[in-house]
Amino acid sequence: MFSKILGGFILVITSPILLMTAICILIIDRPPILYKQKRVGINNDLFWIYKFRTMKNNIPDIPTDQVIDPSKLYSNCGPLLRKFSLDELPQLINIMKGEMVFIGPRPALHNQHV
């Protein structure tokens, strides 16, 4: 419950940054603004994790560390968003929905074996 309240508070506080980031992606890289990906949560339940899109459209659904040269797949805004971790801000939605918490392991990809 505390994570949901804190997530909502941070979402309100960071809303100007979220809006500016969304507008930049919309103007520079074109839609979609958000990227969603299936992840494995508690009790192996699948959920969609939300992030700002930092990669080009239609890339393979594999972990970035398994791509030979991920820099070739970045969108124009991608490197900057990743450098400052702005791409992670939409995960506050997942926290408010109770699918994630602030402290804990990173949810694995649905096709990733941990």
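The values are calculated or read from the model by the stated rules, or taken from the named source; none is laboratory data. This structure is a prediction, so every number in the text was calculated from the model and none was measured. A quick note on method: Cβ atoms are made from the backbone with ideal geometry, for glycine too, and the neighbour counts reach across all protein chains shown. When the accessible area is computed, the model is the full protein with side chains, heavy atoms only, and any ligands, DNA or RNA have been set aside. Shrake-Rupley method; radii C 1.70, N 1.55, O 1.52, S 1.80 Å.
Of all residues in segment 38-65, which are over 17 Å from LEU86 (Cβ atoms) and surrounded by 13 or more Cβ atoms within 10 Å (Cβ to Cβ)?
Correct list: LYS38, ARG39, VAL40, GLY41, PHE47, TRP48, LYS56, ILE59.
Does GLY98 satisfy the condition of being more than 14 Å from the chain's Cα centre (by Cα) and under 20 Å from VAL12 (Cα atoms)?
It is true that GLY98 is more than 14 Å from the chain's Cα centre (by Cα) and under 20 Å from VAL12 (Cα atoms).
Here is a check on your reading of the model: is ILE68 at pLDDT 90 or above, open to solvent by 70 Å² or more (accessible area, probe 1.4 Å) and out of contact with any Leu (no Cβ under 9 Å at 6 or more places or on another chain)?
Answer is no for this residue.
Find all pairs meeting these conditions: Cβ atoms under 7 angstrom apart; at least six residues apart or on different chains; first residue within segment 30-57 and part of a helix (DSSP H, G or I); second residue among the small types (Gly, Ala, Ser) and surrounded by 14 or more Cβ atoms within 10 Å (Cβ to Cβ).
Final answer for the pair search is none.
Across segment 76-108, which residue is modelled with the highest pLDDT among those that are of a type in the set (Val, Ile, Thr) and open to solvent by 40 Å² or more (accessible area, probe 1.4 Å)?
This residue is ILE93.
Exactly one of (1) part of a strand (DSSP E or B); (2) closer than 16 Å to GLY7 by Cβ is unmet by ILE93. Its number?
Here ILE93 clears every test but (1).
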